[in-house]
Amino acid sequence: MKISKRNQFYVNLAIKDLDFWDIACDHGQAGYCAFLSKKFNNIYFVDPVENILNQTEKNIRQIIDLDAQSRLHFYCLPGQDIHHKVEGNLLLAGVGGELSKQILLSLLSRDFLKVERIILSPYTDLKKIGVLEADHHFQLHYQKVQETSFCENKRERAIFIYDRKK
Ligand SMILES: C[S@@+](CC[C@H](N)C(=O)[O-])C[C@H]1O[C@@H](n2cnc3c(N)ncnc32)[C@H](O)[C@@H]1O
């Protein structure tokens, strides 16, 4: 599977020896890259489009060793509906700012957002990230530690990194 430099860049920003959640995974490039790096524990792939997620799971499962299969988890549902403690690293890239905000606030309000690091790279509507950052509940648990970007096809993709407050 081909992994874009952008997705490799995201994975390099994650904290090793923890889980890695690739939410809005599409073809699972970031999650698969995280798996190949051998730096993470469980890898979670989340996407609501059934045929995409099924194909992603099939593609990845057929190229990895049998003993690693149990560390990979595939959830076909919108990120807002995840009903599972989300721990380790959360990558949310390639969706709009409004949806990014909705997913994170939904997890937070249901007490499922437990990750040490959030890596956000919305494609549009960056203003909504400001709304997320101003949210009282979000501010209580997370602080921005870095703002960077990655240039892909002559377009600068913003990246925001938040760590859980100690
Ligand atoms: C452009 S792709 C991004 C793929 C990858 N994260 C990247 O940055 O290269 C957007 C993906 O978001 C998924 N998506 C749409 N709504 C979603 C939601 N509510 N929760 C999670 N994923 C969603 C789509 O199905 C699609 O696969």
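Some points to look at:
- Rg to Rh quotient for the chain, alpha carbon positions, Kirkwood Rh: 0.94
- Seen against the Cα atoms of the chain and their longest principal axis, helix 50-61 is set at about 60 degrees.
- For the stretch 144-151, 3J(HN,Hα) computed residue by residue from phi via the Karplus equation (6.51, -1.76, 1.60; θ = phi - 60°) reads 6, 10, 6, 10, 9, 7, 9, 8 Hz, glycine and proline entered as x.
- Using just its DSSP H runs of length 4 or more, each adding -39500 (n - 2.57), the chain gives a mean residue ellipticity at 222 nm of -9500 deg cm²/dmol after division by all residues.
- Charged side chains reduced to their Cβ positions (Lys and Arg at +1, Asp and Glu at -1) give the stretch 1-103 a dipole of some 380 debye around its Cα centre.
- Listed cross-link partners 39/144; 5/114; 114/154; 39/127 are compared with a 26 Å cut-off, the Cα-Cα value being larger for 5/114; 114/154; 39/127.
- Other residues with beta-carbon under 15 Å from the beta-carbon of residue 53 carry, at +1 per Lys or Arg and -1 per Asp or Glu, a net charge of -4.
- Under 10 Å, Cβ to Cβ, from residue 144 - net charge with Lys/Arg +1 and Asp/Glu -1: -3
- Gain upon complete extension [residue 109, residue 50; 0.36 nm per residue less C-alpha separation]: 18.6 nm
- Positive-end extreme of charge dipole, the chain - chosen from 7, 59, 24 (charges on Cβ): 7
- When only alpha carbons are used to place a centre, the stretch 131-148 and the stretch 1-65 end up 25 Å from one another.
Just so you know, all these numbers are worked out from the coordinates, no wet-lab data involved. Here the structure is a predicted model, which is why all the values come from computation and not from measurement. Virtual Cβ from ideal backbone geometry, glycine too; neighbours counted across all protein chains shown.
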